[in-house]
Structure formats: structure tokens, C-alpha cells
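The values are calculated or read from the model by the stated rules, or taken from the named source; none is laboratory data. What you see is a predicted model, and the numbers here were worked out from it, not measured in a lab. Positions of Cβ are backbone-derived with ideal geometry, glycine not excepted, and every protein chain shown enters the neighbour counts. Surface areas here come from the heavy atoms of the whole protein model, side chains and all, with no ligands, DNA or RNA. Shrake-Rupley method; radii C 1.70, N 1.55, O 1.52, S 1.80 Å.
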Amino acid sequence: QVQLVESGGGLVQAGGSLRLSCAASGRTFNNYAMGWFRQAPGKEREFVATITSGGGSTSYADSVKGRFTISRDNAKNTAYLQMNSLKPEDTAVYYCAVRRNSGRSSYSSAYDYWGQGTQVTVSS
């Protein structure tokens, strides 16, 4: 069992930055790929970014490419999402997720454990 706790959300002006953190419990964290997803009001949950278990490979949604960076520190059992040049359309609840596989995936159905989410609000 893996438990995930996100933090770092908040209110920021357009053009600003935030860094989200996802702290994971469990000794096998470094064997699992991780992902970030988001859900805006009235919309379906969508893929944001994913990273392999070792951190050597990442993938991003086109809407955040060049602005967001996913990373992980396996020694700290923590993953991060650095978000720069934020836009109002980035406003959503952001979720981190873990899949019991070392390979990354952009499909939410591929993930086995989810955090409770953290709100990110970008004002114009």
C-alpha cells in the first residue's frame, strides 16, 4: 500500500510559479513510476506529466510542455511538479499518482494509488 500526500498548492497571479510536492509512504517508492494529473471544475481529469521510477524519462501534456517540470527524489520518497509561467487555464485540483510499474504512462487508468489533491488557482 502506498499513501500519497500533495502540498504546495495555492493562489498565484498569472505568470507566477508554484512547486507542488507529493510525499509517498512505503519502501518501494523507487520502483514505481509517478504522474501528475489535474481536474478543473466541470471538466474531466487530465494528464499533466509523468516520470519513470528512476527519474530518467519524463513526458508532458502539450499544454504544459516547456512550462512545467516533473522530478523526483527517491531518497526522500517525494515527487515534485515545478510550474512556471502559470496561466488562468492551469487552475485546477492537482493530483499525484503512483503506478506499480517502472514505466511512465499518461493514462489515469494505469495508476494504482492517488493523493487527495491540492488546489491551484491562477488569477488573471
Subject >> Residues being more than 12 Å from the chain's Cα centre (by Cα), farther than 12 Å from Ala97 by Cα and among the hydrophobic types (A, V, I, L, M, F, W, C) - total across the stretch 19-35 >> reply: 0
Original post:
When residues of the stretch 45-74 are filtered for being free of Cβ contacts under 8 Å to residues at least 40 places away in the same chain, under 20 Å from Ala24 (Cβ atoms) and among the hydroxyl-bearing types (Ser, Thr, Tyr), how many remain?
Top reply: 2
Original post:
Do you know which of the residues in the stretch 64-75 that are open to solvent by 60 Å² or more (accessible area, probe 1.4 Å) and either of a type in the set (Val, Ile, Thr) or at pLDDT 95 or above (or both) is nearest to the chain's Cα centre (by Cα)?
Top reply: Thr69
Subject >> Residue check, Val2 touching a Ser or Thr at 6+ places or on another chain (Cβ under 7 Å) and either at negative phi or open to solvent by less than 50 Å² (accessible area, probe 1.4 Å) (or both) >> reply: yes
Original post:
So which residues in the stretch 76-93 are surrounded by fewer than 17 Cβ atoms within 10 Å (Cβ to Cβ) and at positive phi?
Top reply: Ser85
Original post:
Quick one: Ser108 ticks every box in (1) open to solvent by less than 50 Å² (accessible area, probe 1.4 Å); (2) touching a Lys or Arg at 6+ places or on another chain (Cβ under 8 Å) bar one, so which box is it?
Top reply: (1)
Original post:
Say we look at the stretch 94-104 and pick out the residues that are of a type outside the set (D, E, K, R) and crowded, with 18+ Cβ neighbours inside 10 Å; which of these is farthest from Ala40 (Cα to Cα)?
Top reply: Val98
Original post:
Which residues, taken from the stretch 13-60, are farther than 14 Å from Asn77 by Cβ, open to solvent by 20 Å² or more (accessible area, probe 1.4 Å) and assigned to a strand (DSSP E or B)?
Top reply: Gln13, Leu18, Arg19, Gln39, Glu46, Phe47, Thr58, Ser59, Tyr60
Subject >> Output for the stretch 111-124, where each listed residue is open to solvent by 50 Å² or more (accessible area, probe 1.4 Å) and within 18 Å of Val2 (Cβ to Cβ) >> reply: Asp112, Trp114, Gln116
